[in-house]
Each structure stands twice: as C-alpha cells, then as structure tokens.
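Remarks on the structure that follows.
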Amino acid sequence: MRVLLSDSENNNLNPLDLIEDVVVSNDWPHNRPDNDTLYVEVAGEWCDYQLTLAWSNDNKLLQYTWTYNIKVPIKKYSSLYALLNKINLNISSGHFELWVEDGYLMYRNSLLSFDFSSITPEIIESILSSSLSDCDKYYPTFQFLLWGDKTPNQAIEASLLETQGEA
C-alpha cells in the first residue's frame, strides 16, 4: 500500500479556523478553549443547541455534536432508544444518540478529509445548516415521546404530520 503525503501547508490546516469565521459572521456566542475545540451556542427553531466541534489533525477528522437542551428522564431511555433507531434509519448522514451518563440527547456527525483546503465558508454553512435542520425537524418528535407520552411510532407520526392551508 502506498501512502500519499499532502502538502505540509494543507497538512496543518485547521478547519476550526474557517468555522470560527463563519460562527463570528453569524454572531453566535462561542468559546474556543484550545486550537482543536470550538463550542458554539446556536438558536434553533425550537430551542438553543450547544454545538461542539473537535478537530483531530492526526486523523484529519472533524467531529461535530449538537446537544439539545433536553435532559431525558431515565424511565424514558428504553422508548427513546426505539425512537432513535427509527429516526437514524431515515437520515442520510450522522446519527442521533443519548449521552447515557448525563441523559442528554444529541446529534453527531463527522467529516473525514486529508485536504480541507477546498472547504469554503459556503460549504461550512451548508453543513451546519443541514445539521441544524435535522435537529429542529426531530425536536417535536422527542417532545411527543418524552413529555407527551406517545409511543415511538406515534411520536414520529404526530411530529412529521404536514399541515395544509392556514387556520
């Protein structure tokens, strides 16, 4: 197997620098505690999300996690797992999961690349917008399950029901 090495300039490129520029241009509150981590607060349609971006230069991997401002009661874990399985089958990338230790619901995804030099602010905005859209899309589903006492199937049906016309 032959290993190709990219230019040293591209090898040291940190995509968080570009992402931070996008975050600043959107006036999102953020904190960058180190070179490889960026925390951002993003207002969604239904709630505010804590977006965590982590960069691994060694693996050329950008991971991003959107954490809901929802603490899941332990008694709901079982039905939530069933719901997460149904949702994850229907999304094209990333996945929803439960952070069991603290009971937080999150959406996670990653971007693997050996050359981030071709990534533009528009691509970053598209990735973030798409992720935020998925988070917002399923927020009502989680609400129906966790506090509306719906089953996973009922929660999905109720939240994805499309209305027509205006009242």
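So the values come out like this:
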{"quantity": "Folded to 0 to 90 degrees: helix 77-88 orientation relative to the chain principal axis, Cα", "calculated": "60 degrees"}
{"quantity": "Whole-percent pair-distance distribution, where bins are 5 Å wide, for the alpha carbons of the range 1-158", "calculated": "2, 8, 17, 20, 17, 12, 10, 7, 4, 2, 1, 0"}
{"quantity": "Sites excluded, GluC sites (Glu not before Pro) in DSSP loops with at most 12 other C-beta within 10 Å, longest stretch of the chain", "calculated": "102-161"}
{"quantity": "Order of Asp27, Asp48 under a 10 Å beta carbon neighbour criterion, fewest first", "calculated": "Asp27, Asp48"}
{"quantity": "Computed helical MRE - 222 nm, the chain, DSSP H runs ≥ 4 contributing -39500 (n - 2.57), nearest 500", "calculated": "-11500 deg cm²/dmol"}
{"quantity": "Amide proton proximity set for Gly44, modelled H, under 5 Å, gap of 5+", "calculated": "Tyr49"}
{"quantity": "Net charge over other residues, Cβ less than 13 angstrom from the Cβ of Asp136 (K, R count +1; D, E count -1)", "calculated": "-2"}
{"quantity": "Spatially close lysines, pair count over the chain: Cα under 29 Å, gap of eight or more or interchain", "calculated": "12"}
{"quantity": "Label-to-label distance, nm, for residues given as Leu160 and Asp34 (7 Å Cα→Cβ offset)", "calculated": "4.0 nm"}
{"quantity": "Stretch in the chain that is longest and holds no chymotrypsin sites (Phe, Trp or Tyr not before Pro) that DSSP places in a loop and that have at most 12 other beta carbons within 10 Å", "calculated": "1-113"}
{"quantity": "Gaussian network model of the chain, Cα within-10 Å springs - most flexible of Leu89, Leu80, Leu98", "calculated": "Leu89"}
{"quantity": "Relative contact order [Cα under 8 Å, 6+ residues apart], the chain, whole percent", "calculated": "20 percent"}
{"quantity": "Angle in degrees between helix 15-25 and the longest Cα principal axis of the chain, rounded to the nearest 10", "calculated": "60 degrees"}
{"quantity": "3J(HN,Hα) from dihedral phi, the range 53-61, Karplus parametrisation 6.51/-1.76/1.60, rounded to Hz, x for glycine, proline", "calculated": "10, 10, 10, 10, 5, 4, 9, 6, 10"}
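All of the numbers you see were taken from the coordinates with simple rules; none came from a lab. Since the model is a prediction, treat every value here as computed from it, not as a measurement. Here the Cβ is made from the backbone with ideal geometry for all residues, glycine too, and neighbour counts use every protein chain on show.
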